[in-house]
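Engineer: I am attaching a structure below and will ask some questions about it afterwards.
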Amino acid sequence: MSHLIELTDVYKIYHMGDTDIHALDGVTIHIDRGEFVAIVGQSGSGKSTAMNIIGCLDVPTSGSYFLDGVDVSTMEDDQQAEIRNRTLGFIFQQYNLIPKLNVLENVELPLLYSGADSVTRRQAAMAALERVGLAAKCKNLPSQLSGGQQQRVSIARALAGNPSVILADEPTGALDSRTGREVLAFLQELNREGNTIVLITHDNSIAVKAQRIIRLSDGKVIYDGPADDPKAVVQPHEPGEEGEAT
Amino acid sequence: MSFSQSFRLALKSLRTSKMRSLLTMLGIIIGVASVIVIISLGDGMNNMINSEFEKMGANLLQVEVMSPSPSRTVKDEQMYALAQENPGLIAAVSPNVSVRATVKVGSETYSASVTGVGEDLPVIQSVELTQGRFLYYVDVDRMQNVCVIGAWIDQEAYNGAGLGQTLYINGYAYTVVGVVEASDPDSGPTSYNDNQVYIPYTNATRLNGNATITSYLFAATSDETNTRAKAAIESRLEQLLGDEDYYMVISMSEMMSIMGDITGTVMTVLVAIAGISLLVGGIGIMNIMLVSVTERTREIGIRKSLGAKHRDIRRQFIIEAGTTSAVGGVIGIALGTSLAKLVGPMVGIEAAASGVAIGVAFGVSVAVGVIFGYLPANKAAKLNPIDALRYD
């Protein structure tokens, strides 16, 4: 059986004036169902580009990307939107909840775009909110919740559509360390229940919570292996960027 | 994105930023209100004109003889003969002789319009009597000194008990045999509408000292025969006078349709001018929607990342624009109808906004929002989700 995520020799090249910038420079990544993978790298390493491509928000310049057996590397905007809706659940650093909608309406959004009827939407959204322990806050506006609670709402939103992959982009970046640990623990719990989780971070201490680490540097994979291998957390030496990674 | 949620969101954002929404909708409100006022007053004016024409007789054909020589005239017998020869076309005829006369009751002079007519005038025009009778054939034939007076004279000169009393026209005593109902029974008789004094036309020519009658009133038998009746009269006049410049036949139904055309044109022009306001309102909506799209770039990015397609985003913003302009339209309709009710009586028109006009105004305001919302909505739909998500 094929891998759930299958990036093969992916390039993403941006043209900046006369020079080409290889944000991804021949990246091959395979991720299987049920894995908890952290994609780590410093800023400029290409991890955000990788996340955009894995999240079907962008297409590679060359190379192929099969998601759940479907070639998504050449899709149009609307087809990608449908894939995102059905296959992917996003968790963002800034939570990205819509401030005017209440918690329940926010969690219902992916179901709304999948065309589910209102009863199904409500049931699935309430179930997801119960899963993150915020069912009681369903009528609140996001601004009435704490940062940790808002991030849990966004996790509920990611879960509501029952996606194949949960894609977490620096999910603890805006949280204090204790709340961050709680969110990570929750992601581990989701993984134990069988969810595939891809975590994008620059932070080794967060990355080691995953089972497997893929380290990117200069658009290339420089490590791909278990998270408990000491080599997984070795930072490549990059002049001028020493102070940035923590 | 479901329609109801888009709609609810749009209403919510209208409520949360009231000042901005009001300013956005202002162009639509003014445009719709002025269209409603114009149509209401225009329809009211049309109704008024039509009812005036109805009173004068919708099948009335008015003949004016403008012969320069006393030898070429049209005699009353000739016109009565014409009517008798065409019973299928002409229902009645009456000479119409204006008399410049002083009307006195006792020593008091009244401003009255004295007209000499035939006994068939009530067949041609609506002449409702509250008391007594109209002129009879014998009155005309024997030149009896009898008259039928308007309600205002009855009230002013006789306190409403004029029947059987005496009235002096140029010093000749006339007996009042009938009283005409006030033109508007609700508001009572007025000095300019209800001051008529009808006398036999035979008496009128004698009072004028001129036997030539230059004006006749005909009634066609129905709407359908109007044109043919007019043609019959014209051919007879041509025969009698020998020159089409010497007479004129005015058909009331033609006048009505000419008046209708004129008011219609005037209204179209006015509505078109008011429509410019709608256009400006539409541009206002487009402007604020473009601002809204920029402000909500991040929201658009979030929605897209969750699977919103181009059309979902586009529909959301179009519904918002449409809702904004629809609410503006409703406010404009309310404002317009109440303004028309307020202004109407001031200019003596009973304003009547038809349901069709209101429906069209509402439809147009929604359409304006949808049309002018399309461009910003499309802009939103085409945003790149990555850039949109990163937008602060």
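The values are calculated or read from the model by the stated rules, or taken from the named source; none is laboratory data. Since we're looking at a predicted model, the values are computed, not measured. Backbone-built Cβ (ideal geometry, glycine too); neighbour counts: all protein chains shown.
Engineer: Given (1) out of contact with any Ser or Thr (no Cβ under 7 Å at 6 or more places or on another chain); (2) more than 19 Å from B:Pro95 (Cβ to Cβ); (3) charged (D, E, K, R), identify the lone condition not met by B:Glu119.
Structural biologist: (2)
Engineer: Of the conditions (1) assigned to a helix (DSSP H, G or I); (2) more than 30 Å from B:Pro68 (Cα to Cα), B:Lys230 satisfies every one except a single condition; which number is it?
Structural biologist: If we test B:Lys230 against (1) assigned to a helix (DSSP H, G or I); (2) more than 30 Å from B:Pro68 (Cα to Cα), just (2) comes out false.
Engineer: Checking A:Arg157 against (1) surrounded by 15 or more Cβ atoms within 10 Å (Cβ to Cβ); (2) charged (D, E, K, R); (3) within 20 Å of B:Leu9 (Cβ to Cβ); (4) more than 14 Å from chain B (Cβ to nearest Cβ), only one condition comes out false. Which one?
Structural biologist: With (1) surrounded by 15 or more Cβ atoms within 10 Å (Cβ to Cβ); (2) charged (D, E, K, R); (3) within 20 Å of B:Leu9 (Cβ to Cβ); (4) more than 14 Å from chain B (Cβ to nearest Cβ) applied to A:Arg157, the lone miss is (4).
Engineer: Any residue at all in segment A:76-83 that's away from every other protein chain (no Cβ under 12 Å) and acidic (Asp, Glu)?
Structural biologist: There is no residue in segment A:76-83 that is away from every other protein chain (no Cβ under 12 Å) and acidic (Asp, Glu).
Engineer: Answer yes or no: is there a residue in segment B:53-63 that is more than 17 Å from B:Val123 (Cα to Cα) and surrounded by fewer than 21 Cβ atoms within 10 Å (Cβ to Cβ).
Structural biologist: Checked against the condition, which is being more than 17 Å from B:Val123 (Cα to Cα) and surrounded by fewer than 21 Cβ atoms within 10 Å (Cβ to Cβ), segment B:53-63 yields no hits at all.
Engineer: Okay, moving on. Which one of the conditions (1) crowded, with 17+ Cβ neighbours inside 10 Å; (2) away from chain A (no Cβ under 14 Å) does B:Ser292 fail to meet, given that it meets all the rest?
Structural biologist: Only one criterion in (1) crowded, with 17+ Cβ neighbours inside 10 Å; (2) away from chain A (no Cβ under 14 Å) is unmet by B:Ser292, namely (2).
Engineer: Can you find even one residue in segment B:60-68 that is more than 29 Å from the chain's Cα centre (by Cα) and at pLDDT below 85?
Structural biologist: yes
This table checks each residue for (1) hydroxyl-bearing (Ser, Thr, Tyr); (2) within 14 Å of chain A (Cβ to nearest Cβ).
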| residue | (1), (2) |
| --- | --- |
| B:Gly284 | no, no |
| B:Arg298 | no, yes |
| B:Arg303 | no, yes |
| B:His310 | no, yes |
| B:Ala321 | no, no |
| B:Thr324 | yes, no |
| B:Ile349 | no, no |
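Engineer: Moving on to the next point. Considering only residues that are closer than 25 Å to B:Met252 by Cβ and of a type outside the set (Val, Ile, Thr), which ones fall in segment B:123-136?
Structural biologist: B:Gln125, B:Ser126, B:Glu128, B:Leu129, B:Phe134, B:Leu135 - these are the residues of segment B:123-136 that are closer than 25 Å to B:Met252 by Cβ and of a type outside the set (Val, Ile, Thr).
Engineer: Could you say whether any residue in segment B:233-250 is over 20 Å from B:Val123 (Cβ atoms) and assigned to a strand (DSSP E or B)?
Structural biologist: yes
Engineer: Residue under question is A:Phe92, and the condition is that it be among the aromatic types (Phe, Trp, Tyr) and more than 14 Å from chain B (Cβ to nearest Cβ); does it hold?
Structural biologist: So A:Phe92 fails the test.
Engineer: Then there is this: Taking helices (runs of 4 or more DSSP H) that do not extend beyond segment A:138-222, which have at least 3 residues that are closer than 16 Å to A:Gly55 by Cα?
Structural biologist: By residue number, A:147-160.
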